[in-house]
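Q: The structure is given below, and queries will be raised subsequently.
Values in this text are rule-based calculations from the coordinates and carry no lab data. In this text, all values refer to a predicted model and were calculated from it rather than measured experimentally. Heads up, the Cβs are rebuilt from the backbone with ideal geometry, glycines too, and the neighbour counts pull from every protein chain shown.
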Amino acid sequence: MIKVLLDTNFLMIPYVYKIDIFQEIERLIPESHEIFIPSNVLEELRGLSNSKGKEKIAAQVAIQLVEKKSVKKIQSQSGVDEFMINFAVENKPNVVVCTNDKELKKRLKEVHIPVIVMRGRNRLEFY
């Protein structure tokens with residue numbers, strides 16, 4: 001079973017760009033998979049949900065989606081990027097990370113972890 005790990009910025013795509021990330025993940029990963037969110041990503045979203053403007057609404061929508069889609073939460077102690085890289089390496093080759101963070105994508109590519117990113121403001125694809 002493939003473990004799909006979601007980053008903060010990736011979870012905000014549905015509100016900002018109107019892309020159904022869960023449907024797109026299904027399209028890109030047709031085999032059996034589970035979707036996970038690190039606890040510190042959820043904390044980031046909660047913090048952003050107290051900000052202002054589009055970021056606030058995007059974070060609130062992301063939190064609702066995590067609950068609605070029954071995304072599994074995993075406890076994380078270190079920073080988001082470090083946790084995601086360590087989790088991915090430990091679960092290799094059965095892991096895919098979903099992020100739009102430029103530096104994180106680069107670091108994951110260096111350790112040969114597949115990454116799903118947003119392309120063209122209307123779809124997701126492997127990086």
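Q: Pairs of Cα atoms under 8 Å, at least six residues apart: use those to get the relative contact order of the chain, whole percent.
A: Once divided by the residue count of the chain, the mean separation gives 32 percent.
Q: On a 0 to 90° scale, report how tilted helix 80-90 is relative to the longest principal axis of the chain, with both axes built from alpha carbons and the result rounded to the nearest 10.
A: 30
Q: Nearest 500 deg cm²/dmol is fine: what mean residue ellipticity at 222 nm does the chain get from its DSSP H runs of n ≥ 4 alone, each adding -39,500 (n - 2.57), divided by its residue count?
A: Counting only the DSSP helices, I get -14000 deg cm²/dmol.
Q: A further question follows. Can you say what percent of the DSSP beta bridges in the chain, counting only those with both residues inside, are antiparallel? Round to 5.
A: Of all bridge pairs located within the chain, approximately 25 percent are antiparallel.
Q: Here is a further query. For MET1 and PHE126 in the same chain, what is the full-extension length gain: residue separation times 0.36 nm, less their Cα-Cα distance, in nm?
A: Details: separation 125, 0.36 × 125 = 45.00 nm, distance 1.80 nm.
Extra length available between MET1 and PHE126 comes to 43.2 nm.
Q: Rounded to two decimals, what is the ratio between the C-alpha radius of gyration of segment 2-126 and 2.2 N^0.38 Å?
A: 0.98
Q: Take the Cβ-Cβ distance between LYS92 and ASP20 as r, set R0 to 30 Å, and report the resulting FRET efficiency rounded to the nearest 0.05.
A: 0.65
Q: Could I ask something else about it? Tell me the angle of helix 53-68 to the major Cα principal axis of the chain, expressed in degrees between 0 and 90 and rounded to the nearest ten.
A: So the helix axis and the longest Cα principal axis differ by about 60 degrees.
Q: Could I have the simple spin-label model distance between GLU82 and GLU43, label points 7 Å from Cα toward Cβ, reported in nm to one decimal?
A: Result for the modelled spin labels: 1.2 nm.
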